[in-house]
Amino acid sequence: ERRVLLLLDDAAGAEQVDPLLPDNADCLLVAVSRGPLTGIADVRPCTLGGLDAKSGVELLAQHIDPVRITVDPRAAESLVEVCQGQPAALTLAGGWLAAHPKAAVSDLAKQLHADQEEGAALDRVLRFAHDSLPGSAARLLRLLALAPAG
């Protein structure tokens, strides 16, 4: 028999995870979700933190010209901080910066920090990216979210 590790990212709930639980004791399922996954037998919850500043800046550097980080390393660290070290938020912020090469890293960090609405760092970055789209593109994105799967 084979040993298998199955990793589920952004699991919506127990009903999504339960059918994938392995029967074999040599297999392991790791499910990452935004909140607790209740109603699943033999769950060992573990709270994950974000990346540290160094690792977050390294992730950011994979998406944008490293010179933009070298010019103002404190701005990159500030962006990691406002993104709470969350890889998804940093990847989205890095993608936005890559698409806007004239935008300063410090300006993005300040704009995200100024967003006082409730929600996690990823929510703030998603809201910022959405709000920066042209009106027609933002509308299309909202409509795509309503489209049935398949």
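Just so it is clear, none of the values below were taken in a lab; they were calculated from the coordinates. Note that the structure is a prediction, hence the values are computed from the model and not measured. For neighbour counting, all protein chains shown are included, and Cβ atoms are generated from backbone atoms with ideal geometry for every residue, glycine included.
At most 13 other Cβ atoms within 10 Å and a DSSP loop assignment: could you name the trypsin sites (Lys or Arg not before Pro) in segment 29-112 that fit?
Answer by residue number: 34, 102.
Positive end of the dipole of the chain, charges at C-beta (+1 Lys, Arg; -1 Asp, Glu), about the Cα centre: which of 35, 7, 95 has its Cα farthest in that direction?
95
About the Cα centre of segment 1-48, how large is the charge dipole given +1 on each Lys and Arg Cβ and -1 on each Asp and Glu Cβ? Please answer in debye to the nearest 20.
Computed charge dipole of segment 1-48: roughly 160 debye.
Got a sec? How would 38, 91 order by Cβ neighbour count within 10 Å, fewest to most?
Sorted ascending by nearby Cβ count, the order is 38, 91.
What is the packing order of peptides 121-130, 41-50, taking the mean over residues of other C-beta atoms within 10 Å and listing the highest first?
Those peptides, ordered most packed to least, come out 121-130, 41-50.
In deg cm²/dmol, rounded to 500, what helix-only [θ] at 222 nm does the chain give when every DSSP H run of at least 4 residues adds -39500 (n - 2.57) and the total is split over its residues?
-14500 deg cm²/dmol
Using R₀ = 30 Å, calculate the FRET efficiency as 1/(1 + (r/R₀)^6) where r is the Cβ-Cβ separation of residue 2 and residue 123; round to 0.05.
0.20
Give the distance, in whole Å, between the Cα centre of segment 1-18 and the Cα centre of segment 33-67.
So the two Cα centres are separated by 17 Å.
Only Cα pairs under 8 Å and at least 6 apart count here; give the relative contact order of the chain as a rounded whole percent.
Worked out over the chain, it gives 17 percent.
Pulled fully out, how much extra length does the chain show between residue 23 and residue 113, if you take 0.36 nm times their separation in residues and subtract their Cα-Cα distance?
Here the answer is 27.9 nm.
To the nearest 0.05, what FRET efficiency results for residue 149 and residue 42 with a Förster distance of 30 Å applied to their C-beta separation?
For residue 149 and residue 42, the calculated efficiency is 0.50.
Once fully extended, how much extra length lies between residue 81 and residue 61, figured as 0.36 nm per residue of separation less the alpha-carbon to alpha-carbon distance?
5.7 nm
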